[in-house]
1. What number comes out for the charge environment of N168, summing +1 per Lys or Arg and -1 per Asp or Glu over other residues with Cβ under 10 Å away?
2. What trypsin sites (Lys or Arg not before Pro) in segment 28-122 are in a loop by DSSP, with at most 16 other Cβ atoms within 10 Å of the Cβ?
3. Report the equivalent ellipsoid semi-axes for the chain in whole Å, largest first, defined as the square roots of five times the eigenvalues of the gyration tensor built from alpha carbon atoms.
4. Stick to Cα atoms and the Kirkwood definition of Rh, then tell me Rg/Rh for segment 1-104.
5. List, in the order given, every pair from K206/K267; K76/K254; K61/K206; K35/K83; K113/K206 whose Cα-Cα distance in the structure shown is over 27 Å.
6. Under a GNM of the chain (C-alpha, springs under 10 Å), which listed residue has the highest mean-square fluctuation: L170, L208, L246?
7. Send over the Kirkwood Rh of segment 90-167, from the inverse of the averaged 1/r over different Cα pairs, rounded to one decimal Å.
8. Counting only chymotrypsin sites (Phe, Trp or Tyr not before Pro) that are in a DSSP loop and have at most 16 other C-beta atoms within 10 Å, tell me the longest site-free stretch of the chain.
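Just so it is clear, none of the values below were taken in a lab; they were calculated from the coordinates. In this text the structure is predicted, and so the values were computed from the model without any measurement. As a convention, Cβ positions derive from the backbone with ideal geometry for all residues, glycine included, and neighbour counts pool all protein chains shown.
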Amino acid sequence: MVEKIAKPFLKWAGGKTQLINDIEKSLPSKITDSKFTYIEPFVGSGAVLFWMLNNFPKLEKAVINDINEDLINTYKIIASKPKELISILQIFQEEYHSLEIDQEKKKEYYYEKRETYNLRKKEKSSQAALFIFLNRTCFNGLYRVNKSNGYNVPMGSYKKPTICDEKNILAVSNVLKKVEILCGDYEKTLEKVNKNSFFYFDPPYKPLSETSSFNSYSKDEFNDEEQLRLRNFCAKLEKHGHNWMLSNSDLKGKNPNDNFFDDIYSKYFIARVQAKRSINANPEKRGQLNELLITNYINNTENGKQRILVENI
Ligand SMILES: C[S@@+](CC[C@H](N)C(=O)[O-])C[C@H]1O[C@@H](n2cnc3c(N)ncnc32)[C@H](O)[C@@H]1O
């Protein structure tokens with residue numbers, strides 16, 4: 001029997017755990033009243049997905065997608081072969097913990113696993129286990145690849161990280177039963193809609209400055225043109241009568257004159273909310289930053305007064 005509540009099985013840049021309260025307040029009321037399909041086209045570690053699956057019994061089906069093939073392979077393996085995955089992770093955990101006092105050997109072990117992962121020649125369960133191992137032991141839980149999709153994050157400094165969280169993997173596997181898992185560009189999720197579908201978009205954030213932010217989850221960059229393509233996709237969903245919510249960084253926090261998102265989403269509802277982000281090598285630069293929650297329906301966040309309401313033109 002699975003008792004544990006499923007939670008994200010990865011550390012992931014931009015994880016949305018700290019935004020959940022605001023996201024909850026901003027949900028369209030109709031989705032909690034009747035059966036619905038939840039669609040998350042940029043799922044990452046799935047903080048919102050798992051929260052939705054745990055809290056909304058009327059969620060009939062979920063569809064998740066990400067462009068990162070290695071991430072999606074891991075979701076698929078957890079869904080289909082959780083026990084096989086657990087047994088590989090248990091070995092990694094025992095081996096890694098046994099090296100606790102020998103920093104050099106630990107390093108050797110980490111870099112050897114990273115090399116094996118990058119060859120992408122192991123069968124899918126082992127690749128998924130390597131993916132989780134690297135995520136738990138690397139620097140700050142980063143996922144960063146070079147142009148040839150080579151994972152290049154150095155080892156982290158955790159003494160005895162949990163590499164195999166057996167109970168959570170089983171809980172995740174259980175809730176994934178009602179989740180369809182896709183891999184590719186977010187636009188293909190449109191094929192999966194039904195009458196009462198709700199989309200939550202958490203795309204790679206627009207960097208607050210050229211050097212500050214980190215958005216290389218995949219080998220393809222998510223630049224301004226990409227942000228615009230996403231806005232066009234959201235407009236298309238609106239035309240089809242679907243509700244959506246989208247989060248992004250609030251560029252105004254850094255530069256009050258930066259109207260990029262205010263301009264491209266001027267037809268919709270924009271709320272500014274506070275969130276902590278911790279992926280930053282420099283602890284002084286971590287902290288409270290404003291985030292945007294944009295919806296194509298009126299939302300009820302507490303800071304409604306700050307909301308810029310623009311009539312649909
Ligand atoms: C900000 S992260 C999502 C974080 C997630 N909400 C969480 O809680 O961990 C953005 C995700 O978008 C994915 N991505 C980037 N470009 C994409 C595209 N064109 N289509 C689908 N996913 C994409 C990245 O691989 C990454 O996992």
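1. On the way: positive: K4, K7, K167; negative: D165, E166.
Cβ neighbours under 10 Å give a net charge of +1.
2. Numbers: sites: K30, K35, K58, K61, K76, K83, K105, K106, K107, K113, R114, R120, K121, K122; in loops: K35, K58, R120, K121, K122.
Those satisfying the criteria are K35, K58, R120, K121, K122.
3. On the way: eigenvalues 227, 107, 58 Å².
Ellipsoid half-lengths, sorted descending, are 34, 23, 17 Å.
4. On the way: Rg = 16.9 Å, Rh = 16.1 Å.
Here the Rg-to-Rh quotient is 1.05.
5. Details: K206/K267 20 Å; K76/K254 39 Å; K61/K206 30 Å; K35/K83 31 Å; K113/K206 32 Å.
Among K206/K267; K76/K254; K61/K206; K35/K83; K113/K206, the Cα-Cα distance tops 27 Å for K76/K254; K61/K206; K35/K83; K113/K206.
6. Comparing L170, L208, L246 in the GNM, the peak value goes to L208.
7. Working: mean 1/r = 0.0785 Å⁻¹.
That comes to 12.7 Å for segment 90-167.
8. Working: sites that count: Y158, Y297.
Longest run free of exposed loop sites: 1-157.
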